[in-house]
Amino acid sequence: MRDIVVAKFGGSSLADKDQFIKVKEIIVSDKNRRYIIPSAPGKRHSRDHKITDLLYMCHQLATHGLNFDEVYNVVEERYRGICTGLELELNIGEALGEIKSNIKEGASKDYCGSRGEYLNGLILSNYLGFQFIDPKNLILFNDRGQLEEEKTEMLIGEKLKDVKYAVIPGFYGAKENGDIVTFSRGGSDVTGSVIANGVKASLYENWTDVSGFLMADPRIVENPKTIEVITYKELRELSYMGAPVLHEESIFPVKKHGIPINIRNTNSPEDHGTMIVDDSTTEKPRKITGIAGRKDFTVINIEKALMNEEKGFLRKAISVFETNGISIEHIPSGMDTVSVVAANTELNGKIDKIKEELRIYCNPDTITHDTNMALIAVVGRGMAKTKGISGKVFTALGNSDINVRMITQGSSKLINIIIGIDNEDFEKAMESIYRAFENE
Ligand code: ASP
């Protein structure tokens, strides 16, 4: 692979002029940072607005024939402020005016939402002296709004072949007919990954406002350590439980060629952040990589004598959940029992109906439910090869007087243990598991 770094900067990294200055310093300090993907300006403080939200609001107002000047003025002011602050000669007013009239004339929601990135891209390219490349000519979507992966990969390879340095706005591309299409919210992460794949980058840097992933949620566990290296698979296991730092879909494009993603902090560029790598990494892992969890799951317990001899029992039970449109998290089972675990939000208001249908289809001896379960995932690629990790997890829980209600565990390539406990034990359990492993 060539030494090409694709660097994506998130909304908080480009929220105002001071952040732009930091970003430029980062970019010019490594000449391999060749393709830069900006998000739209994000919040400068907790009560501020994200530009993308304001643009969607303009679209909403315009759709209802309402005046959106006041909201659009806030957008304009933000961009003008950045340009003046950086003393750019760029005529951003022209682009702002054109976008405003397009919104007035009924431009699509995706077009409106994407303009935050577009404008930030114009500014950043001007500030860096890099070429501006509109992703509408690089990232192709089909008529159903799905990414055309192969065509996009080819387009990027071709069009960036002779471009040494470029700024490519995140979050959007276009259909063949030129209509703008965006990824889902937070999708500039995906753009970065798609570009990294297309140019066969050696590294995809994702610059944000934290120094990588932490081993546990800092709102629950005090001062958790940063995860230095995590595999794509481990990240999937953890992110399904915890707060996402990275858009879920941004793993797949880089995974194809094993391009690592490095989460970095624009406000603390000396930190190494977290490296997200392929499974084949050779370094010796920690015993566990991270812990994540969520409260509020329901367990439905179905009991029936000689269940294991009855053909199709499980299928019938599961089909009840399927026809009710409920996605299931886990199905732990015993000889004569099977439990189905689903998030409370999935089951909202449907539990009685489901129990009734289970009674009809499965004719169980008993059926009970409990809405008070929390799940914790303990994740680590080191688990498969190290003895005593689960012992240590359960000892920690036992010592904290926590009752374990469910355990499930992957078997072939063991990288996680999932533990069900009462909601009220959640924080204590996270803390005790983390402390048991923090120095190992
Ligand atoms: N600006 C878009 C959003 O707020 C995309 C992104 O920031 O990645 O969702």
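Throughout, read-outs are computed from the coordinates displayed, never taken from laboratory work. Values in this document were obtained by computation on a predicted structure and should not be read as measured data. A quick note on method: Cβ atoms are made from the backbone with ideal geometry, for glycine too, and the neighbour counts reach across all protein chains shown.
Side notes on the structure shown:
- Estimated purely from DSSP H runs of n ≥ 4, each contributing -39500 (n - 2.57), the mean residue ellipticity at 222 nm for the chain is -11000 deg cm²/dmol once divided by its residues.
- Relative contact order of region 219-377, pairs being alpha-carbon contacts under 8 Å that are 6 or more residues apart, as %: 27
- Taking trypsin sites (Lys or Arg not before Pro) across region 200-283, the ones in a DSSP loop with at most 10 further Cβ atoms lying within 10 angstrom of their Cβ are ARG219.
- Its relative contact order, with pairs defined as Cα atoms under 8 Å and 6+ residues apart, puts the chain at 14 percent.
- Along the axis of the charge dipole computed for the chain (Cβ charges of +1 for Lys and Arg, -1 for Asp and Glu, origin at the Cα centre), the listed residues MET373, VAL229, SER250 are led at the positive end by VAL229.
- Dimensionless Rg over Rh [the chain; C-alpha; Kirkwood]: 1.03
- Here is the size of region 343-416 from its Cα atoms: Rg then Dmax, 17.2, 46 Å.
- Length released on extending from GLU438 to PHE394, taking residue separation times 0.36 nm less the Cα-Cα span: 14.3 nm
- Order of ARG34, ARG315, ARG47 under a 10 Å beta carbon neighbour criterion, fewest first: ARG47, ARG315, ARG34
- Mean-position separation - Cα centroids, region 28-60 and region 200-237, in angstrom: 21
- Dipole magnitude for region 295-354: computed about the Cα centre from +1 point charges on Lys and Arg Cβ and -1 point charges on Asp and Glu Cβ, it is near 140 debye.
- Likely footprinting exposure, HIS64, HIS369, fewest C-beta neighbours within 10 Å first: HIS64, HIS369
- Pairs spanning more than 29 Å between alpha-carbon atoms, out of LYS31/LYS255; LYS256/LYS392; LYS355/LYS387; LYS22/LYS109; LYS17/LYS161; LYS355/LYS392: LYS256/LYS392; LYS355/LYS387; LYS22/LYS109; LYS17/LYS161; LYS355/LYS392.
- Beta bridges from DSSP with both residues in the chain: antiparallel share about 60 percent, rounded to the nearest 5.
- Region 87-217: C-alpha gyration tensor shape, a/c 1.5 cut-off, then a/b vs b/c: rounded
- For q = 0.24 Å⁻¹, Debye-computed log10 I/I(0) when each Cα of region 13-103 counts as one equal scatterer: -1.28
- GluC sites (Glu not before Pro) restricted to DSSP loop in region 266-361 with at most 10 other C-beta within 10 Å: GLU270, GLU283
- Of ALA305, ALA166, ALA377, the residue with the greatest mean-square motion in the GNM of the chain, using alpha carbon springs below 10 Å, is ALA305.
- Look at PHE183, PHE313, PHE132 and count the other Cβ atoms within 10 Å of each Cβ; fewest to most, that gives PHE132, PHE313, PHE183.
- Applied to region 312-317, the Karplus parametrisation 6.51 cos²θ - 1.76 cosθ + 1.60 on θ = phi - 60° returns per-residue 3J(HN,Hα) values of x, 4, 5, 4, 5, 4 Hz, with x for Gly and Pro.
- Here the translational diffusion coefficient of region 1-154 follows from Stokes-Einstein with Rh set to the Kirkwood radius across Cα pairs; for 37 °C and 0.692 mPa s it amounts to 198 µm²/s.
- Over region 150-227: Kirkwood hydrodynamic radius from C-alpha pairwise inverse distances, Å: 15.0
- The Cα-based radius of gyration of region 50-123, divided by its Kirkwood radius, gives an Rg/Rh of 0.96.
- Student exercise, region 31-129 dipole from Lys, Arg, Asp, Glu Cβ charges, in Debye to nearest 20: 520
- Electrostatic dipole magnitude of the chain [Cβ: Lys, Arg +1; Asp, Glu -1; Cα centre; debye, to 20]: 840
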